[in-house]
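First comes the structure, then the notes that go with it.
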Amino acid sequence: MNREDIIRMAREAGFTEGDISLFPDLIAHFAALIAATEREACAKACEDMDHNGVMIAADCAAAIRARS
């Protein structure tokens, strides 16, 4: 996710152009915190899968996609 993606998503979330221009670093930092939290939750979802020591990628992907 790059800065342009973050700005686009901020607009989609309802941030005004004024918010974005006044606080671009704060918005980017917030997005990075959210992404890190989501990565960890996805990693945990994969770790919680038990196939007798075998990780099945499709199952892990399904567990991630099932997160709401």
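The values are calculated or read from the model by the stated rules, or taken from the named source; none is laboratory data. On a predicted model such as this, the values are computed, not experimentally measured, just so you know. Here the Cβ is made from the backbone with ideal geometry for all residues, glycine too, and neighbour counts use every protein chain on show. All accessible areas refer to the heavy atoms of the entire protein, side chains included, with ligands and DNA or RNA removed. Shrake-Rupley method; radii C 1.70, N 1.55, O 1.52, S 1.80 Å.
Each row is one residue, and each column tells you yes or no for (1) assigned to a helix (DSSP H, G or I); (2) at pLDDT below 85; (3) of a type in the set (Lys, Arg); (4) open to solvent by 80 Å² or more (accessible area, probe 1.4 Å).
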{"site": "Met9", "(1), (2), (3), (4)": "yes, no, no, no"}
{"site": "Phe15", "(1), (2), (3), (4)": "no, no, no, yes"}
{"site": "Leu26", "(1), (2), (3), (4)": "yes, no, no, yes"}
{"site": "His29", "(1), (2), (3), (4)": "yes, no, no, yes"}
{"site": "Cys42", "(1), (2), (3), (4)": "yes, no, no, no"}
{"site": "Asp50", "(1), (2), (3), (4)": "no, yes, no, yes"}
{"site": "Val54", "(1), (2), (3), (4)": "no, yes, no, yes"}
{"site": "Ala58", "(1), (2), (3), (4)": "yes, yes, no, no"}
{"site": "Ser68", "(1), (2), (3), (4)": "no, yes, no, yes"}
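Remark: pairs (first residue in the stretch 36-50, closer than 19 Å to Asn2 by Cα; second residue charged (D, E, K, R) and surrounded by 10 or more Cβ atoms within 10 Å (Cβ to Cβ); Cβ separation under 8 Å; 6+ apart in sequence or on different chains) are absent. Before we move on, is Glu4 out of contact with any Cys (no Cβ under 8 Å at 6 or more places or on another chain), loosely packed, with under 10 Cβ neighbours inside 10 Å and of a type outside the set (A, V, I, L, M)? Yes; evaluated as a whole, the condition is true for this residue.
Against the list (1) touching a helix residue (DSSP H, G or I) at 6+ places or on another chain (Cβ under 8 Å); (2) exposed (fewer than 12 other Cβ atoms within 10 Å of the Cβ); (3) not charged (D, E, K, R), the condition Leu33 fails is (1).
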